[in-house]
1. Could you pull out every one of the helices (runs of 4 or more DSSP H) wholly within segment 162-251 that has 1 or more residues that are at pLDDT below 95 and at positive phi?
2. Would you say Asp156 is within 21 Å of the chain's Cα centre (by Cα) and surrounded by fewer than 16 Cβ atoms within 10 Å (Cβ to Cβ)?
3. What are the pairs, 6+ residues apart or on separate chains, where a residue within segment 286-299 that is within 10 Å of Glu265 (Cα to Cα) has its Cβ under 8 Å from a residue that is of a type in the set (A, V, I, L, M) and part of a loop (DSSP other than H, G, I, E, B)?
4. Which of the residues spanning segment 178-209 are under 18 Å from Arg143 (Cβ atoms) and in contact with a helix residue (DSSP H, G or I) (Cβ under 6 Å, 6 or more places away or on another chain)?
5. Looking at Trp83, Trp75, can you tell me which residue is crowded, with 20+ Cβ neighbours inside 10 Å and closer than 27 Å to Met145 by Cα?
6. Looking at this structure, is Ser229 under 19 Å from Ala123 (Cα atoms), touching an Asp or Glu at 6+ places or on another chain (Cβ under 8 Å) and among the polar types (S, T, N, Q)?
7. Would a scan of segment 138-159 turn up a residue that is touching a residue at least 40 places away in the same chain (Cβ under 8 Å) and within 17 Å of Thr26 (Cβ to Cβ)?
8. When segment 255-287 is examined, which residues are found to be of a type in the set (D, E, K, R), in a helix (DSSP H, G or I) and closer than 17 Å to Arg311 by Cβ?
Amino acid sequence: MHDVLFQPLKMGALEAKNRIFMAPLTRGRAAEPMFVPNAMMGTYYRQRAGAGLILTEATGISVEGLGWPSAPGIWSDEQVEAWKPIVEGVHEAGGLIAMQLWHMGRLVHPYFLGGNPPVSASATSAPGEAHTPAGKQAYAEARAMTKDDIARTIGDYRRAAENAKKAGFDAVQLHGANGYLIDQFLRDSTNLREDEYGGSVANRTRFMREVLEALVDVWGADRVGIRLSPNGETQGCDDSDPAATFGAAAEVIEEMGLAFLELREPGPDGTFGATEVPKQSPLIRSIYSGALVLNSDYSGDEAASDVEAGRCDAVSFGRPYISNPDLADRIRKGAHINPNKDVPKSWYFPIAEGYIDYPTLEEERAENAA
């Protein structure tokens with residue numbers, strides 16, 4: 001019944017060999033203090049090249065936009081050079097890889113900014129605490145971005161897109177989900193502006209549109225995608241009318257002709273971010289005609305069912321790809337899927353354990369036969 005997942009998928013200039021994608025997963029393995037990718041990350045991504053498309057972990061576009069310990073960046077020449085062998089390894093293994101471009105906005109702690117406040121759509125604070133090398137610390141109130149800040153940040157996105165191209169990636173994905181900067185502009189709980197970037201849904205989608213225009217100018221629309229999280233609160237970011245907000249966002253994405261749109265849509269029983277807010281993918285599917293990718297708590301059977309029914313074109317898997325580097329092969333063969341260790345140490349610490357030491361199905365079988 002999984003055959004539908006192993007049909008190729010045309011997405012703009014890209015052709016995925018199957019419809020099982022690897023979702024973006026922050027893993028915290030880059031070298032500090034310069035947030036530079038390393039050889040261990042190359043092994044990790046190459047191991048997972050069986051995915052139809054790998055979406056990299058969220059990657060910082062600038063010092064100002066990155067506030068996660070040991071996450072990678074793409075603003076410096078050193079980072080570009082370090083990404084090149086990682087991309088080459090995925091290509092040598094027959095895979096496609098797109099870089100996810102990330103600005104965390106108000107979720108960057110001043111620890112990472114020399115004590116300065118983070119920036120956001122408006123002067124708001126995220127709930128909870130930030131992960132910093134000095135331990136968890138309460139988020140600080142952001143500084144509302146000026147017009148000059150907005151123009152500068154769009155320039156940072158452009159430079160990051162250019163650097164991703166230099167590094168050899170196949171495409172880029174704008175991180176517009178999970179309460180980060182793009183999401184902070186989109187949703188009315190975090191965008192309190194009274195200028196052309198706030199108020200109406202048309203105004204709240206303006207920053208997203210202008211960033212996408214910069215990415216498309218570098219890559220062409222046929223190699224640009226975006227990730228959104230259109231239902232439910234995430235990291236204190238919420239919206240009073242998600243259908244209106246994300247319907248308008250989908251209209252922008254359709255008008256621009258982006259290659260793919262990924263939606264993180266938890267349900268009431270979601271492992272992370274469980275919500276009763278209805279999923280917006282049916283509405284978005286009726287607006288956006290490109291490749292629609294759904295994400296959150298899918299099994300192989302559920303993914304096949306949604307692709308077969310036309311609810312989406314592909315499904316991205318996150319946590320299952322942590323502990324199953326050959327997830328697509330396991331789904332194809334109907335084999336067991338190893339449970340994730342569910343230990344944050346294995347998720348985020350800059351060590352090989354819980355990162356590149358998971359066996360493939362063939363390795364498991366060989367070990368059991370020995």
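1. none
2. no
3. Once the first residue is within 10 Å of Glu265 (Cα to Cα) and sits in segment 286-299, its partners that are of a type in the set (A, V, I, L, M) and part of a loop (DSSP other than H, G, I, E, B) give Asn295/Ala23.
4. Of everything in segment 178-209, those that are under 18 Å from Arg143 (Cβ atoms) and in contact with a helix residue (DSSP H, G or I) (Cβ under 6 Å, 6 or more places away or on another chain) turn out to be Tyr180, Leu181, Ile182, Gln184, Phe185, Thr190, Asn191, Tyr197, Phe207.
5. Trp75
6. no
7. no
8. Arg285
The values are calculated or read from the model by the stated rules, or taken from the named source; none is laboratory data. Only a predicted model underlies this, so the values are computations on that prediction, with no experimental measurement involved. Note: ideal-geometry Cβ built from the backbone for every residue, glycine included; neighbour counts use all protein chains shown.
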